[in-house]
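Some notes on the structure that comes next.
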Amino acid sequence: MESTDRENAKKLFEKYRKQRDGIRNCPEMASICLICGSIHVIAKEGDSGMLICRNCGFSWYRYECSACGRTVDGRDPKNPGCRKCGMRICTCGRCNCGLDISATI
């Protein structure tokens, strides 16, 4: 998880708070809470894909797609929830549970 300074974090927070699309493509956003803007974010013990804001308690998933290697971020509208397992679906159309929505389109 890439960290960022407070000034840059504030700019990124303001940008992505208004429009979340593309947040998965910004590595610095892994360490910024989209609810309160805090940079005090940690990985959940036992689940490195879940990040938790130490300031407000908001949690979200951000991890690498097992199929293509792209970043999946639960805050990004392009990574919707999987109807099979509840995790997030990558932009490649696959979920880590094995569901492939690209095959059903």
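The values are calculated or read from the model by the stated rules, or taken from the named source; none is laboratory data. A quick note: this is a predicted structure, and the numbers were derived from the prediction, not measured. Ideal geometry is used to build each Cβ from the backbone, glycine not excepted, and the neighbour counts take in all protein chains shown.
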Do you know which residues across the range 69-94 are farther than 27 Å from Lys11 by Cα, touching a residue at least 12 places away in the same chain (Cβ under 8 Å) and surrounded by 13 or more Cβ atoms within 10 Å (Cβ to Cβ)?
-> Cys82, Cys85, Met87, Ile89, Cys92, Gly93, Arg94
Residues being more than 16 Å from Pro77 (Cα to Cα) and in contact with an Asp or Glu (Cβ under 8 Å, 6 or more places away or on another chain) - total across the range 24-38 | 3
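Quick one: which of Ile39, Ile52, Ile35 is free of Cβ contacts under 8 Å to residues at least 40 places away in the same chain and within 19 Å of Met87 (Cα to Cα)?
Just a single option satisfies the conditions, and that option is Ile52.
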Got a number for residues in the range 65-105 being at pLDDT below 90 and under 19 Å from Ile52 (Cβ atoms)?
-> 1
Given the conditions (1) in contact with a strand residue (DSSP E or B) (Cβ under 9 Å, 6 or more places away or on another chain); (2) among the charged types (D, E, K, R); (3) in contact (Cβ under 8 Å) with a residue 24 or more places away in the chain, which single one is not true for Arg6?
-> (1)
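I'm checking my understanding of the structure. Among residues of the range 43-60 that are under 13 Å from the mean Cα position of the chain (by Cα) and at pLDDT 95 or above, which one is surrounded by the most Cβ atoms within 10 Å (Cβ to Cβ)? Quick ask: steps written out before the conclusion?
If we filter the range 43-60 for residues that are under 13 Å from the mean Cα position of the chain (by Cα), which is where we start, we get 43, 48-53, 58-60.
Right, trim to at pLDDT 95 or above and you get 43, 50-53, 58-60.
Details: Ala43: 14, Met50: 16, Leu51: 24, Ile52: 18, Cys53: 21, Phe58: 15, Ser59: 15, Trp60: 20.
Here the answer is Leu51.
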